[in-house]
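The values are calculated or read from the model by the stated rules, or taken from the named source; none is laboratory data. What you are looking at is a predicted structure, and each value in this text was computed from that prediction instead of being measured. Because the Cβ atoms are built from the backbone with ideal geometry, glycine has one as well, and the counts that use them run over all protein chains shown. Ligands, DNA and RNA are excluded from the accessible area calculation, which covers all protein heavy atoms including side chains. Shrake-Rupley method; radii C 1.70, N 1.55, O 1.52, S 1.80 Å.
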Amino acid sequence: MEIDRRAAILGSLALAAAAHPLTGCAAAPTPRATKLYVMGTIHSNHLESERYSLGVLRTAIRAASPDIILTEIPPDRIGQAIASFQSAGEIDEPRTQVFPEYTGAVFPLSREMGFEIRGTAGWTREIADNRREALTRIQSDPARAQQWAEHRAAQRNYSREIAGRGDDPRFIHTEEFDRIVEASRRPYEQYFDADLGPGGWTQINAAHTELINSALDDISGQGLSALVTFGTAHKYKILRSIRNRDDIELQDTRSLFS
């Protein structure tokens, strides 16, 4: 009986010690999820659209209140873009210059809001040149005329399905929009991936999403707010790449465009 009593006491002490750790043995802080918005942009069309103008975009970015923005700029070019903007208030990096969402919204807002800008695009000039040459060869090859016709038909169907709402940010940030985009890219991805190599739809998006997820890994567990800004066609690939992450809280980007 004495042995049973002592065993019970020791068991109770062990439970108490687990519930109340000794002073100086602090528990590790609980990782905090990254709040993540994935925003599709419309590049030069921001300059023409009223519904998704640069002003609307700036308002949405302020509402997201990000600590970091992951951009469609290659990592090896973002440094020059940031340095030129900081020194002269203008961007002299050629790739960044073609995106009004960065020259007219993200970079100016970085001074106001203090967020970090990270380059997460897998694009290179060589990839773009090789892709253009390969597509020219495919288009002029009679043996692949049917493939090219299917690709062009998918593009026309996309234009019909988004007509009148392709610049509406509340439509852009829906599952319906993503389904339409994916269908429009299916022949391009199916028939031309092997020809285009790193510039094919599969590989270029894999390069983008690898960089995006690497950046998310860098800030994981800190409770920060992140915003991804890529062209609308890439959005469904990005969302698919992060769906199994347990360290983010995906936010409703539509809510930024009330």
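Quick notes on this one:
- Apportionment of accessible area to carbon and sulfur, the chain, percent (1.4 Å): 50
- Extension gain, ALA194 to ASP168, is 6.0 nm, computed as 0.36 nm per intervening residue step minus the present C-alpha separation.
- Rg then Dmax, both in Å and based on the Cα atoms of region 137-221: 16.1, 54.
- Based on the Kirkwood approach, the hydrodynamic radius assigned to region 212-253 is 11.1 Å, with every pair of different Cα atoms included.
- Inter-part distance, region 224-241 to region 82-156, computed on C-alpha centroids, equals 15 Å.
- Taken per residue, the accessible surface of region 24-73 reaches 49 Å², heavy atoms only and a 1.4 Å probe.
- Within the chain, helix-based [θ] at 222 nm, where runs of 4 or more DSSP H residues each add -39,500 (n - 2.57), nearest 500: -17000 deg cm²/dmol
- Accessible surface area normalised per residue over region 106-258 is 50 Å², counting heavy atoms of protein chains with a 1.4 Å rolling probe.
- Simple spin-label estimate for GLN155 and ARG179 gives 2.5 nm between the two label positions (7 Å along the Cα-to-Cβ direction from each Cα).
- For region 175-231, a/c is not less than 1.5, where a ≥ b ≥ c are the root eigenvalues of the C-alpha gyration tensor, and a/b does not top b/c. That puts it in the oblate class.
- Contour excess over end-to-end distance, with Cα ends at GLN80 and GLU50 and 0.36 nm allotted per residue: 7.7 nm
- Packing here is the average count of other Cβ atoms within 10 Å per residue, and on that basis the peptides 124-131, 181-188, highest first, run 181-188, 124-131.
- Cα gyration tensor shape for the chain, rounded if a/c is under 1.5, else prolate or oblate: prolate
- Take each peptide in 232-243, 163-174, count the other Cβ atoms within 10 Å of every residue, and average; sorted highest first, the result is 232-243, 163-174.
- Taking Cβ atoms as reference points and 10 Å as the exclusive limit, the residues near ALA233 contribute a net charge of +1, counting Lys and Arg as +1 and Asp and Glu as -1.
- At an R0 of 22 angstrom, the distance between the Cβ atoms of ASN244 and ARG144 translates into a FRET efficiency of 0.05.
- Residues in region 239-258 that a label on THR30 would reach, taking backbone N under 18 Å of a point 7 Å out along Cα→Cβ: 246-250
- Extension gain for the segment GLU210 to ARG186, taken as residue separation times 0.36 nm less the Cα-Cα distance, is 6.5 nm to one decimal.
- Local electrostatic count, PHE85, Cβ distance below 12 Å [Lys/Arg +1, Asp/Glu -1]: -2
- To the nearest ten degrees, helix 145-162 and the longest principal axis of the Cα atoms of the chain are 70 degrees apart.
- Net charge of Cβ neighbours under 14 Å - reference ILE219; Lys, Arg +1; Asp, Glu -1: -2
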